[in-house]
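Here the structure comes first, spelled out in structure tokens, and everything after it is commentary.
The values are calculated or read from the model by the stated rules, or taken from the named source; none is laboratory data. Since this is a predicted model, take the numbers as computed values, not measurements. FYI the Cβ positions are ideal-geometry reconstructions off the backbone, even for glycines, and counts take in every protein chain you see.
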């Protein structure tokens, strides 16, 4: 199996499959493939062999079903494009080794990859899209690719060394790292700090991958360009004429994109 990552801001992963190779991805990740690649959708894959395993994977953001790609004979290729500006990271998962990645971070993996829910905590309505804070657990014995938002900053933590991180910037960390979420101290910090109510504590030993782009920040940046319920026009497309049609179209398109990122079925 040969792979290459093309692009910078919105990269795409191309996977070349030989006879006997198989790649597994979440639903909705497929971008393009050659004619001789076959697709099969299955619930019992990526380490989920029973009902509870399938439900746990779905709760982590992986979905009830997964897609499996393989070649029908001659070598072929399947590609998976990033959904948001960022990077695609390859990790080698060995038996007994685990990684924890942010919700929807799993892009694809080879046969033998195991995906399940690794951490879930309710942080109140309206926080992190009302779903609480969820991490995916990546295990098994396989190669896997993870999508992280924005730029990536890595740290190798020594035993007992702690890094405090805004939860949205937690991209991925090794299973040896201890992870916990606590509230930001101080009433004024909570009410007027503007950085949310919670902070993630990552304690070594192990490596952590932090992402500079968070989904709430992306949504906040796009919000001024979305169509208002009042029908006011978008400042980008309406022009001097005040025509609201362009704004409505822009809002509809961007709304569809955000719907794919934060849809209820994810």
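The table below lists the values:
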item: Residue in the range 131-152 that is touching a helix residue (DSSP H, G or I) at 6+ places or on another chain (Cβ under 7 Å), modelled with pLDDT under 95 and farther than 29 Å from residue 221 by Cβ present; result: no
item: Residues located in the range 181-237, provided they are modelled with pLDDT under 75, farther than 19 Å from residue 169 by Cβ and not in a loop (DSSP other than H, G, I, E, B); result: 187, 188, 191, 192
item: Filter result for residue 91 (within 18 Å of residue 209 (Cα to Cα) and at pLDDT 90 or above); result: yes
item: Selection count, the range 83-119, where residues are surrounded by fewer than 20 Cβ atoms within 10 Å (Cβ to Cβ) and part of a loop (DSSP other than H, G, I, E, B); result: 10
item: Leading residue by the ranking (surrounded by the most Cβ atoms within 10 Å (Cβ to Cβ)) among those in the range 165-185 that are under 23 Å from the mean Cα position of the chain (by Cα) and more than 24 Å from residue 147 (Cβ to Cβ); result: 178
item: Scan of the range 167-176 for residues that are without any contact (Cβ under 8 Å) to a residue 60 or more places away in the chain and in contact with a strand residue (DSSP E or B) (Cβ under 7 Å, 6 or more places away or on another chain), ordered by number; result: 167, 169, 176
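Residue-wise test of (1) touching a helix residue (DSSP H, G or I) at 6+ places or on another chain (Cβ under 8 Å); (2) within 15 Å of residue 136 (Cβ to Cβ); (3) at pLDDT below 90.
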{"residue": "38", "(1), (2), (3)": "no, no, no"}
{"residue": "59", "(1), (2), (3)": "no, yes, yes"}
{"residue": "75", "(1), (2), (3)": "no, no, no"}
{"residue": "117", "(1), (2), (3)": "yes, yes, yes"}
